[in-house]
Every structure is written in C-alpha cells, then in structure tokens.
Amino acid sequence: MTRSHKITIHNRQTGKRHVIVVPEDRYILQSAENQGVELPFSCRNGACTTCAVRVKTGEIYQPEAMGLSPDLRKRGYALLCVSYARCDLEVETQDEDEVYELQFGRYFGKGKIRAGLPLDED
C-alpha cells in the first residue's frame, strides 16, 4: 500500500495557500493539478526552474531534477514537476528568475541582459 503525505504549498505569485494529499509514488506537481491546484510549470522534466520551490519543512526526493545544482538542492530548493514527498511537507513557490540567477548567473560574466537596448549600427 502506498503512503500519502500532506503538502502545504504557499504560492508567492498568487498569495494563496494550498493543502493537498500526495501519494509517495506520484510527482507533487501532477498530484496538485489533479486536485485542481494551478502552479507554475514549464518543461515537466526537471530541466528548467519554473516550478521551483523552497522546502520549508519536510523532505523531498528528486533524482530527476537536472535543473538544480547539488548546492541548490542542499539549500532546500526543489522542482515540483519531478519531486516525490517522503513525509508531510511545507513548500513555498519561488520566482523563476531568482532561482535561474542562483543556478546559472555565475556563468555569465556580464550579469543580466537588459532588454530594449539598441544594436550598434555600422
């Protein structure tokens, strides 16, 4: 028999709090959607940071989360699209750009790209 866990999700983008029950062998994002909870997502395969959350309490298992470095995982970040609950959890959605910057920002020496700048004309 598969165990289930209570997941409390604080959605920073909407200000809403959701409580769902997720079987241990199901992805959290998919289970949330099946229960009518809309959360940010994009790729559904653990490669981007759109569905990133910060784990406030509990433990998540995410072996397929390619989009997060080991350092960010240690700091409590998880990708709901490829995460399994291992106990009751409390998580908070993150701003995708914040997590992307933490993940990849150090690789871009000039910093963020600014939109709206004219191209040099020759």
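See the values below:
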| read-out | value |
| --- | --- |
| Every residue from segment 56-89 that is aromatic (Phe, Trp, Tyr) and farther than 15 Å from GLU101 by Cα | TYR61, TYR84 |
| Condition check for THR14: surrounded by fewer than 13 Cβ atoms within 10 Å (Cβ to Cβ), farther than 24 Å from GLY105 by Cα and in contact (Cβ under 8 Å) with a residue 24 or more places away in the chain | no |
| Residue within segment 22-34 that is in a loop (DSSP other than H, G, I, E, B) and hydrophobic (A, V, I, L, M, F, W, C) present | no |
| Residues of segment 1-21 classified as more than 19 Å from CYS87 (Cα to Cα) and assigned to a loop (DSSP other than H, G, I, E, B), total | 4 |
| Count of residues meeting criterion [modelled with pLDDT of 95 or more, part of a loop (DSSP other than H, G, I, E, B) and within 16 Å of HIS10 (Cβ to Cβ)] in segment 77-117 | 2 |
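Residues checked against (1) loosely packed, with under 15 Cβ neighbours inside 10 Å; (2) of a type in the set (Ser, Thr, Tyr); (3) within 17 Å of GLU90 (Cα to Cα):
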site: THR2; (1), (2), (3): yes, yes, no
site: ILE9; (1), (2), (3): no, no, yes
site: VAL21; (1), (2), (3): yes, no, yes
site: PRO40; (1), (2), (3): no, no, yes
site: GLY46; (1), (2), (3): no, no, no
site: GLY58; (1), (2), (3): no, no, yes
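The values are calculated or read from the model by the stated rules, or taken from the named source; none is laboratory data. It should be emphasised that the depicted structure is a prediction, and the values quoted were computed from it without experimental measurement. Every residue, glycine among them, receives a Cβ derived from its backbone with ideal geometry; neighbour counts consider all protein chains shown.
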